[in-house]
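Asker: Before we start, here is the structure in question, set down as structure tokens.
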Amino acid sequence: MNLQLETERLFLRPFIKEDAPFLFELNNDEEVMRYTGDVPFKDVEAAQEFAIDYSANKNSQYRLYQMGRIAVIRKSDDAFLGWSGLKYHKSADFVDIGYRFMKKYWGHGYATESGLEVVRHAFEDHQLELLVAQVHELNYPSQKVAQRLGMHINHRFYWEEREPGRHYQIDKDHYFSIVKK
Ligand SMILES: CC(C)(COP(=O)(O)OP(=O)(O)OC[C@H]1O[C@@H](n2cnc3c(N)ncnc32)[C@H](O)[C@@H]1OP(=O)(O)O)[C@@H](O)C(=O)NCCC(=O)NCCS
């Protein structure tokens, strides 16, 4: 499965170790991380270990499912903007789309542009039946992205019985009805 994707302004590709300083910077921003439930890397070396492991580990999403979060690179200047991509959640048996961008690149439509390509990749390359996005109740920018990707709320839930979340989804039929228009 090809994990090199492309849109008008962007390339999407698997993480490489050279992404480490940018992954570190991304996760080191409290505002970026506020609703993600994720934690910063200890240092750039830890981010580098993550990037190498994410690609090379035999149990990685890339290796097991030929999918995963992938770097989003701006074509015009090769800037690392953030990441998007799919993830298979074995325990819940669904694939979700995730996205996380450096704050300086918010408000340019990059999350939506890359997200639309990831949705295409989900339904056309992976032939998924359903794609999910789980978003914190207060994460309005992320909710707007999910809606722009053609997703609708299916239900609300609590993460670890604490944080309120919205479970968005789009199914195959809805995706193909949108792209045929
Ligand atoms: C969620 C997140 C990716 C959204 O980023 P974003 O920049 O708001 O989203 P987009 O890239 O789709 O940009 C949309 C905005 O760009 C504007 N825009 C500017 N130029 C544009 C263009 N050429 N094309 C499209 N939109 C453009 C749109 O009008 C829109 O503005 P609005 O939200 O005020 O209506 C970002 O807030 C983020 O990384 N958050 C932290 C991580 C996170 O919470 N991830 C989600 C966890 S569920």
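The values are calculated or read from the model by the stated rules, or taken from the named source; none is laboratory data. Since the structure is predicted, the reported quantities are computational estimates derived from the model, not experimental observations. To get the accessible areas, we keep the full protein, side chains included, count just its heavy atoms, and leave off ligands, DNA and RNA. Shrake-Rupley method; radii C 1.70, N 1.55, O 1.52, S 1.80 Å.
Asker: Convert each backbone phi in the range 12-24 into a coupling constant with the Karplus relation 6.51 cos²θ - 1.76 cosθ + 1.60 (shift: θ = phi - 60°), then list the ³J(HN,Hα) values in order as whole Hz, x for Gly and Pro.
Answerer: 3J(HN,Hα) across the range 12-24, in whole Hz: 10, 8, x, 4, 10, 5, 5, 6, 3, x, 6, 5, 4.
Asker: Using a Cα-Cα cut-off of under 23 Å, which lysines could be cross-linked to LYS180, ignoring same-chain neighbours fewer than 8 residues away?
Answerer: Cα-Cα hits under 23 Å: LYS144, LYS172.
Asker: In whole Hz and in residue order, list the ³J(HN,Hα) couplings for the range 156-172 that follow from phi through the Karplus curve 6.51 cos²θ - 1.76 cosθ + 1.60, θ = phi - 60°; x for Gly and Pro.
Answerer: 9, 7, 10, 6, 6, 6, 10, 8, x, x, 10, 9, 8, 7, 9, 9, 4
Asker: Per residue, how much accessible area does the range 24-181 show when a 1.4 Å probe rolls over the protein heavy atoms, in square angstrom? Walk me through the numbers before you get to the answer.
Answerer: Details: 8800 Å² over 158 residues.
Value for the range 24-181: 56 Å² per residue.
Asker: Using the eigenvalues of the Cα gyration tensor, what equivalent ellipsoid semi-axes result for the range 68-112 when each is taken as the square root of five times the eigenvalue, whole Å, largest first?
Answerer: In descending order, the three semi-axes are 25, 10, 7 Å.
Asker: Project the alpha carbons of the chain onto their principal axes and report the range along each, largest first, in whole Å.
Answerer: Cα spread of the chain along its principal axes, largest to smallest: 43, 37, 35 Å.
Asker: Ordering LEU128, LEU86 from largest to smallest accessible area (1.4 angstrom probe), what's the sequence? Don't jump to the answer; show the numbers that get you there.
Answerer: Values: LEU128 30, LEU86 0 Å².
Most to least solvent-accessible, the answer reads LEU128, LEU86.
Asker: So what is the 222 nm mean residue ellipticity for the chain from helices alone, if each DSSP H run of at least 4 adds -39500 (n - 2.57) and you divide by all residues, rounding to the nearest 500 deg cm²/dmol?
Answerer: Taken over the chain, the calculation gives -8500 deg cm²/dmol.
Asker: Give me the distance between the Cα centres of the range 48-102 and the range 126-181, rounded to whole Å.
Answerer: 18 Å
Asker: Determine how large the accessible area of LEU116 is when every protein chain is in place; take a 1.4 Å probe and give Å² rounded to the nearest 10.
Answerer: Roll a 1.4 Å probe over it and LEU116 shows about 90 Å².
Asker: Keeping every protein chain in place, order LYS181, LYS144, LYS75 by accessible area at 1.4 Å, biggest value first, i.e. largest first.
Answerer: Working: LYS181 200, LYS144 115, LYS75 65 Å².
Largest accessible area first, the list is LYS181, LYS144, LYS75.
Asker: Give me the percent of accessible area attributable to carbon and sulfur for the range 1-147, probe 1.4 angstrom.
Answerer: Within the range 1-147, the accessible surface is 50 percent carbon and sulfur.
Asker: Please work out how much accessible surface PHE15 shows to a 1.4 Å probe, ignoring ligands, DNA and RNA, in Å² rounded to 10.
Answerer: Approximately 10 Å² for this residue.
Asker: Considering Cα pairs under 8 angstrom that are at least six residues apart, work out the relative contact order of the chain and quote it in whole percent.
Answerer: Across the chain, relative contact order equals 17 percent.
Asker: Then there's this: How do SER114, SER55 rank by accessible surface area computed with a 1.4 Å probe, from largest to smallest?
Answerer: In descending accessible area the options line up as SER55, SER114.
Asker: Just to verify a number: what accessible area does ASP171 come out at with the full protein assembly present, 1.4 Å probe, Å² rounded to tens?
Answerer: About 70 Å², ignoring ligands and nucleic acids.
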